[in-house]
Amino acid sequence: MELGAFHVGTVEAFAGYVVMWGVMMWAMMMPPMTRFVRDYANSHRGSGLSVVGAVGGFLASYQLIWLLTGVIPLGMHYGLTLAGFEGIYGAVRSNTHAFVGGALVLTGLYQSLWFKNEQLRDCCANVNPHADGLLDALGRGLRHGVKCVFITFPYFLFLMPVFGEMNFFRIVGLTT
């Protein structure tokens, strides 16, 4: 998909890629976030309208973080083009074992880091009672989104670009 955005080369093509990436990330990240969002809403102290505003702000800024991660595969593609490959696809095609093996090894190593496990523990912790307004909810969503990116980035930023983020069969294989 990065190759298509660079082939067209317009702002619209790059924006379309980032939006498509954001929709894909929303579809993947919202099912596991359901419990957290429910706990976030239940722990909110205030009127029903303030809960809706806080949850809406939280989710909007959380999604913004995932939307912005779409520029990373574009940057990888551009960097590999500068290195003499035809972007991610060309690099993987010409050095399949090195790129696929390297992505799997790097992801496996990251899984064992204390940092990742610390972030995961904090991410899954209970939500304390709060009465935040929209601005605080936006900040909480940004912080939570950044934590989620740190927890999962090897999958989305090593494996997906190398395996082909829009290849249904490869992505299903990664999830099993």
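Open to solvent by 70 Å² or more (accessible area, probe 1.4 Å), out of contact with any Gly (no Cβ under 9 Å at 6 or more places or on another chain) and either within 30 Å of Gly4 (Cα to Cα) or assigned to a loop (DSSP other than H, G, I, E, B) (or both): is that true of Arg121 in this structure?
no
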Check: If only one of Gly133, Gly79, Gly90 is at pLDDT below 90, more than 30 Å from His44 (Cβ to Cβ) and open to solvent by less than 60 Å² (accessible area, probe 1.4 Å), which one is it?
Finding: Gly90
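Would you be able to tell me the number of residues in the range 1-24 that are β-branched (Val, Ile, Thr) and outside any helix (DSSP H, G or I)?
Within the range 1-24, residues that are β-branched (Val, Ile, Thr) and outside any helix (DSSP H, G or I) number 1.
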Next item on the list: Within the range 93-118, count every residue that is touching a residue at least 40 places away in the same chain (Cβ under 8 Å), among the small types (Gly, Ala, Ser) and open to solvent by 70 Å² or more (accessible area, probe 1.4 Å).
Entry: 0
Next item on the list: May I ask you to verify whether Gly53 is more than 18 Å from Leu157 (Cα to Cα), modelled with pLDDT of 90 or more and surrounded by 15 or more Cβ atoms within 10 Å (Cβ to Cβ)?
Entry: yes
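The values are calculated or read from the model by the stated rules, or taken from the named source; none is laboratory data. As the structure is a computational prediction, the values presented were derived from the model and not from experiment. Positions of Cβ are backbone-derived with ideal geometry, glycine not excepted, and every protein chain shown enters the neighbour counts. Only protein heavy atoms, including side chains, enter the accessible area calculation; ligands, DNA and RNA are left aside. Shrake-Rupley method; radii C 1.70, N 1.55, O 1.52, S 1.80 Å.
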